[in-house]
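First the structure, in the form of structure tokens, and then the observations on it.
The values are calculated or read from the model by the stated rules, or taken from the named source; none is laboratory data. Computed from a predicted model, the values in this text were never measured in an experiment. Every residue, glycine as well, gets a Cβ built from its backbone with ideal geometry; the counts of neighbours run over all protein chains shown.
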Amino acid sequence: MNLNLLFSLAAILVLGCVGYFVPNAGLQMFFGVILPYIAVLTFLCGVIWRVMKWAKSPVPFRIPTTCGQQQSLPWIKQNKIDNPSTTTGVIIRMFFEIFLFRSLFRNTKAEIKDGDKISYEWEIFLWVGALAFHYSFLTVLVRHLRFFFEDTLLKEKLFFVGIIETLDGFFQIGLPIVLISGFVLLAAVLFLLSRRVLNPQVKYISLAADYFPLLLIAGIAATGLWMRYIERVDVTAIKQITLGIVSFNWTSIDVMKSVSGTFYLHLFFICTLLIYFPFSKLMHAAGVFLSPTRNLANNSRMVRHINPWNPEVKVHSYESYENDFREKMIEAGLPVDKES
Amino acid sequence: MVDVVKPEEMIKIDPTPPSTNWMDVPPDFSPGKFPYPSQAKSLEAVGFPNAREWSPADEDWKLPENWQQIIHEGFKERLDKYRSLKVFMDSCVRCGACADKCHFFIGTGDPKNMPVLRAELLRSIYRNDFTTIGKMLGKFAGARKLTPAVIKEWFSYFYQCTECRRCSVFCPYGIDTAEITMMARELLHLLGLSIHWIMDPVSNCNRTGNHLGIQPQNFKEIIEFFCEDIEEITGVTLNPSFNRKGAEVLFITPSGDAFADPGTYSFMGYLMLFEHIGLDYTLSTYASEGGNFGLFTSSEMMKRLNAKMYREAERLGVKWILGGECGHMWRVINQYMGTMNGPANFLEAPVSPITGTKFENARDTKMVHIAEFTADLIKNNKLNLDPSRNDHLKVTYHDSCNPARGMGMLDEPRFVLENVCNNFHDMPESTIRENTFCCGSGSGLNTEEIMDLRLRGGLPRANAVKYVHEKHGVNMLSCVCAIDRAVLPPLMDYWVPGVDVCGLHELVGNALVMEGEIEREMDLRMEDLPGKEGDSDE
Ligand code: SF4
Ligand code: SF4
């Protein structure tokens with residue numbers, strides 16, 4: 001029995017019921033306005049608090065994981081990105097890490113073949129899945145800016161939202177135009193989820209805290225797709241609500257009551273995600289910036305790194321050493337500092 | 001020692017995890033499954049707390065009364081001191097990318113040897129003690145209470161990690177399980193839980209200056225003995241100096257190479273090289289250890305042992321320090337030494353007196369790796385080399401974990417190899433350079449009683465050697481690490497019989513045409529050089 005998965009599923013179901021049914025009981029104002037504020041605030045404060053907590057601990061040693069040739073003799077070609085010795089190198093390394101998941105790209109699968117040969121095959125799917133997941137999520141987020149800005153502003157200043165949308169709807173299938181990012185997101189989430197369920201090792205290490213966010217995001221994606229393609233919800237009304245939230249000028253309760261329960265479910269899942277984020281592994285998004293094995297240059301032999309708590313230690317001195325062995329040293333003809 | 005199964009048996013590895021949740025699977029402390037604990041006196045000698053006689057095989061580990069408090073406070077202190085620990089505790093997403101990157105997982109199939117799960121052993125306590133969600137949701141949030149069983153599990157699995165950092169290369173957040181292992185071992189040491197193979201060298205090194213406890217007069221004798229052998233092989237007389245004030249360079253190398261074959265041949269190689277180029281250097285008996293097993297106990301102990309290098313350099317008044325071939329020694333020198341014990345303002349930025357090359361990359365720490373030094377000599381045509389003397393060898397090269405992933409010294413040794421031998425073949429790409437596989441016995445695990453584990457951990461390395469052995473007839477595995485030289489021979493005998501092990505500078509010594517030498521008939525092992533034996537009779 002995969003208790004962790006069941007626990008997460010149950011949690012999602014309960015949350016789903018709350019998000020779908022409770023707002024209809026006259027609580028639209030709370031779920032449509034107040035909760036989003038709470039969620040955004042919790043998210044922002046939580047993330048800042050967590051990052052500050054990390055930043056408070058010093059980095060006593062410069063410990064980059066070197067993944068290429070060091071800077072050495074001038075005629076030896078350094079790998080300036082995977083083993084950077086300058087800040088520029090570090091920035092490039094971090095760029096590749098954060099935007100292209102460089103380390104994940106290296107992934108291999110170790111297997112024993114023909115009874116006694118270990119092979120390491122390049123395993124690209126996790127990288128593809130992760131990249132698809134994060135970038136489709138980002139695209140969906142950007143597209144959603146449409147809900148938070150006036151149309152004129154979107155046309156004049158935030159035209160990139162329109163561009164993204166056009167690109168996203170590149171295939172121009174059906175009406176409303178199919179935006180692939182939402183489907184990619186759902187597919188990627190399901191792929192990542194299936195790994196956790198099907199790969200015995202990944203399953204063994206998975207916690208409820210690993211299934212839960214995936215299911216939650218799957219829920220967000222599914223409700224979004226449902227609203228757009230199947231239920232065809234009243235977008236104008238929804239935009240009134242969302243614009244009301246960002247401009248602190250909330251729409252009338254009648255409009256709020258007119259939109260479908262799916263919208264409240266969608267919003268509730270999002271709020272849950274925002275609130276959950278700072279207290280969970282989702283903080284890896286910030287952690288990657290602070291990882292000392294990646295964000296430091298391998299130059300501690302060139303420039304001294306300072307440890308703020310560098311301890312005073314007791315060192316067995318040469319003097320005590322000589323005191324211990326003086327006679328033997330003299331007998332062996334080794335030089336000594338004191339003759340007796 | 002426990003009997004080890006046959007290779008055909010050992011390689012049948014089943015990586016399927018058990019159906020029981022890992023938190024409920026107890027570690028195995030049957031004979032052969034754990035390294036022996038250290039004796040109380042080794043801990044006391046360096047002032048470590050809670051020294052006592054105990055055994056992992058016992059039910060009762062005689063933990064100090066307030067052990068939970070010690071761990072909790074020790075953990076908190078380290079979270080406050082190390083951003084790495086905090087970020088690594090919080091950021092793992094359990095994607096599993098690191099899982100099959102660990103040689104111990106590949107070789108044992110034990111899920112707790114997946115780096116991610118190894119880290120979870122500690123992380124689960126972190127969640128319970130330091131996070132709200134962990135306190136609230138317990139097991140569902142991956143948290144658990146600290147019990148003696150957890151301590152036992154830590155002892156078992158943090159001594160099944162060689163701190164090789166291979167997992168860190170593949171982790172999308174750079175999570176370095178080696179770093180986590182270091183922290184966990186520090187915590188275990190607070191409870192007086194340590195292993196003899198680490199603590200004995202540490203306390204020896206503290207007093208005698210080296211891991212093996214070689215006293216000054218014996219150290220000198222050993223080196224003089226090498227010189228006699230060199231004279232017999234080459235006809236050249238060497239006069240190395242000891243503890244000599246005013247030398248230009250202090251040379252420090254791991255004591256293992258003074259003690260056991262095949263490391264000894266590399267030591268001979270160094271001595272020959274220095275003689276040949278006329279280097280003004282001295283050896284120290286006080287700082288006669290390059291390695292630093294303190295690294296495997298606590299950062300303070302590492303600092304204490306490492307401090308001797310600079311102290312001795314200052315006392316002798318040398319200009320800079322040259323370091324021999326050793327793996328973890330170079331992790332310490334490259335990433336910790338300057339920070340811990342610098343600035344070494346009494347030294348000068350290293351310049352090769354032979355070529356005039358300034359070692360820019362070592363300008364602050366003032367310590368140069370012998371492979372960097374020799375590569376520079378060769379590049380500047382300062383060495384007269386006859387690589388054909390190594391023609392009976394088909395050589396491959398094992399990147400030691402620390403110089404590879406804690407430094408990035410990859411091409412210097414390869415350049416030297418290509419100049420001192422004619423047959424060099426690298427192993428497959430996914431097993432060398434930053435992807436290199438550990439010997440399976442690093443970080444103080446090179447002890448006999450866990451031979452089964454070491455052979456399993458060394459399997460990925462050995463398997464790659466086997467590949468080049470079968471494909472190119474490779475019969476010599478070269479390396480730049482004293483632990484490697486001690487542990488790779490039994491590994492090769494077990495998995496790839498017919499492959500021998502040597503240090504880089506043994507091959508340099510073989511190829512080096514010294515001034516005034518007689519025609520060589522033997523290599524440094526005093527074995528006949530093929531094609532040269534009996535020449536004089538004809
Ligand atoms: S690769 Fe990194 S994030 Fe993924 S499971 Fe391993 S330690 Fe965690
Ligand atoms: S540091 Fe090496 S031995 Fe330790 S978990 Fe990572 S890969 Fe395994």
When (1) surrounded by fewer than 18 Cβ atoms within 10 Å (Cβ to Cβ); (2) under 30 Å from residue A:62 (Cα atoms); (3) of a type in the set (S, T, N, Q) are applied to residue A:293, the one that fails is (1)
Checklist (1) under 20 Å from residue B:364 (Cβ atoms); (2) crowded, with 24+ Cβ neighbours inside 10 Å; (3) β-branched (Val, Ile, Thr) applied to residue B:339, failing item | (2)
For the range B:52-85, how many residues meet the condition of being away from chain A (no Cβ under 14 Å) and either within 28 Å of the chain's Cα centre (by Cα) or assigned to a loop (DSSP other than H, G, I, E, B) (or both)?
-> 17
Is it true that residue A:268 is more than 9 Å from chain B (Cβ to nearest Cβ), in contact with a helix residue (DSSP H, G or I) (Cβ under 6 Å, 6 or more places away or on another chain), in contact (Cβ under 8 Å) with a residue 60 or more places away in the chain and not in a loop (DSSP other than H, G, I, E, B)?
-> yes
Hits in the range A:83-130 (condition: surrounded by 14 or more Cβ atoms within 10 Å (Cβ to Cβ), in a helix (DSSP H, G or I) and within 15 Å of ligand 1 (Cβ to nearest atom)) | A:97, A:98, A:102, A:103, A:104, A:105, A:126, A:127, A:129, A:130
Conditions: (1) in contact (Cβ under 8 Å) with a residue 12 or more places away in the chain; (2) within 16 Å of ligand 1 (Cβ to nearest atom); (3) over 12 Å from residue B:297 (Cβ atoms); (4) within 14 Å of chain A (Cβ to nearest Cβ). Residue B:161 meets all but one. Number of the miss?
-> (4)
Give the residue, chosen from B:140, B:104, B:130, that is aromatic (Phe, Trp, Tyr), modelled with pLDDT under 95 and away from ligand 1 (no atom under 12 Å from the Cβ).
-> B:140
Just a yes or no: is a residue in the range B:154-165 among the acidic types (Asp, Glu), touching a Lys or Arg at 6+ places or on another chain (Cβ under 9 Å) and more than 9 Å from ligand 2 (Cβ to nearest atom)?
-> no
Which listed residue is surrounded by 15 or more Cβ atoms within 10 Å (Cβ to Cβ) and in contact with a Cys (Cβ under 9 Å, 6 or more places away or on another chain), from A:284, A:305 = A:284
For residue A:49, state whether it is in contact (Cβ under 8 Å) with a residue 40 or more places away in the chain and surrounded by fewer than 17 Cβ atoms within 10 Å (Cβ to Cβ).
-> yes
Within the range B:464-508, residues of a type in the set (S, T, N, Q) and surrounded by fewer than 24 Cβ atoms within 10 Å (Cβ to Cβ) come out as B:475
If we scan the range A:285-300, do we find a residue that is at the interface with chain B (Cβ under 7 Å from one of its Cβ atoms), free of Cβ contacts under 8 Å to residues at least 12 places away in the same chain and not hydroxyl-bearing (Ser, Thr, Tyr)?
-> no
When the residues of the range B:93-113 are filtered to those that are of a type in the set (A, V, I, L, M, F, W, C) and within 8 Å of ligand 2 (Cβ to nearest atom), which remaining residue is farthest from the other protein chains (Cβ to nearest Cβ)?
-> B:104
Hits in the range B:375-403 (condition: more than 7 Å from every other protein chain (Cβ to nearest Cβ), of a type in the set (A, V, I, L, M, F, W, C) and in contact with a Leu (Cβ under 9 Å, 6 or more places away or on another chain)) = B:377, B:378, B:383, B:385, B:393, B:395
Residue B:128, sole failed condition from (1) under 30 Å from the mean Cα position of the chain (by Cα); (2) more than 8 Å from chain A (Cβ to nearest Cβ) | (1)
Within the range B:221-256, track down each residue that is within 14 Å of chain A (Cβ to nearest Cβ) and of a type in the set (Gly, Ala, Ser).
-> B:241, B:246, B:247
Among (1) more than 16 Å from ligand 1 (Cβ to nearest atom); (2) in the same structural domain as residue B:80 (by TED's automatic domain parsing); (3) not basic (Lys, Arg), residue B:175 falls short only on (1)
So, in the range A:301-311, of the ones that are touching a residue at least 24 places away in the same chain (Cβ under 8 Å) and facing chain B (nearest Cβ under 7 Å), which residue ends up nearest to residue B:130 (Cα to Cα)?
-> A:309
If only one of A:201, A:172 is at pLDDT below 90 and either surrounded by 15 or more Cβ atoms within 10 Å (Cβ to Cβ) or not hydrophobic (A, V, I, L, M, F, W, C) (or both), which one is it?
-> A:172
Only one of (1) within 21 Å of the chain's Cα centre (by Cα); (2) not assigned by TED's automatic domain parsing to the domain that holds residue B:399 does not apply to residue B:448, and that is (2)
Picking from B:311, B:304, the residue that is within 26 Å of residue B:187 (Cα to Cα) and within 10 Å of chain A (Cβ to nearest Cβ) would be B:304
Count, please, the residues in the range B:13-40 that happen to be surrounded by 12 or more Cβ atoms within 10 Å (Cβ to Cβ) and without any contact (Cβ under 8 Å) to a residue 12 or more places away in the chain.
-> 1
Quick one: is residue A:58 more than 30 Å from residue A:196 (Cβ to Cβ), within 14 Å of another protein chain (Cβ to nearest Cβ), touching a Leu at 6+ places or on another chain (Cβ under 6 Å) and surrounded by 14 or more Cβ atoms within 10 Å (Cβ to Cβ)?
-> no
Assess whether residue B:436 counts as being in the same structural domain as residue B:299 (by TED's automatic domain parsing) and in contact with a Cys (Cβ under 7 Å, 6 or more places away or on another chain).
-> yes
Would you please name the residue that is nearest to the other protein chains (Cβ to nearest Cβ), looking only at residues in the range B:314-335 that are among the small types (Gly, Ala, Ser) and buried (at least 24 other Cβ atoms within 10 Å of the Cβ)?
-> B:323
Lone unmet requirement of (1) outside any helix (DSSP H, G or I); (2) buried (at least 21 other Cβ atoms within 10 Å of the Cβ); (3) of a type in the set (A, V, I, L, M) for residue A:221 | (1)
Cβ pairs under 7 Å, 6+ apart or interchain, first in the range B:85-104 and among the charged types (D, E, K, R), second in a loop (DSSP other than H, G, I, E, B) and within 11 Å of ligand 1 (Cβ to nearest atom), ordered by first then second residue, are B:94/A:206
